[in-house]
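Written out below as structure tokens is the structure these notes cover.
The values are calculated or read from the model by the stated rules, or taken from the named source; none is laboratory data. In this text, all values refer to a predicted model and were calculated from it rather than measured experimentally. All Cβ positions, even for glycine, are placed from backbone atoms using ideal geometry, and neighbour counts span all protein chains on display.
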Amino acid sequence: MISKEYFEKVQKFKKMRSRCIFDEKGNKVIRHNQYRSKSIYSNVLVCGYCGAPYRRRTERGEIVYRCATRMDKGRGKCPYSITLKENDVNEIIAQEKNSRNFDEDFEHIGRVEV
């Protein structure tokens, strides 16, 4: 179980990364990206081998993250990238949260090299 405060911080972070935002007049504005992010981890996780962002996908009914270069150009272009299961990423983030003052840093995550 997570605290209400932590839940609200995650929701704020998700909203910040959302494609749909509102301008100062309250009008809905859609940010145009090639890929729509379904997760707060998309484009935060980056490949340590080639530097490409990781993308969310579903494989055999399980959500995983994989290097965009590997997905677009094949394993040969990024042979050392790893596939991350979403549950493993969640567990790592939870461990990190418990090991230091993660709450304060959560909003400022720019990228996590994998």
Problem - Given (1) modelled with pLDDT of 70 or more; (2) over 22 Å from Tyr6 (Cβ atoms); (3) not in a helix (DSSP H, G or I), number of the condition Ile63 does not satisfy - result: (2)
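Restricting to the stretch 50-65, what's the tally of residues that are farther than 14 Å from Asn87 by Cα and of a type outside the set (A, V, I, L, M)? Lay out the reasoning, then the answer.
First, the residues of the stretch 50-65 that are farther than 14 Å from Asn87 by Cα: 50-55, 60.
Then drop every residue that is not of a type outside the set (A, V, I, L, M), which leaves 50-51, 53-55, 60.
Qualifying residue count for the region: 6.
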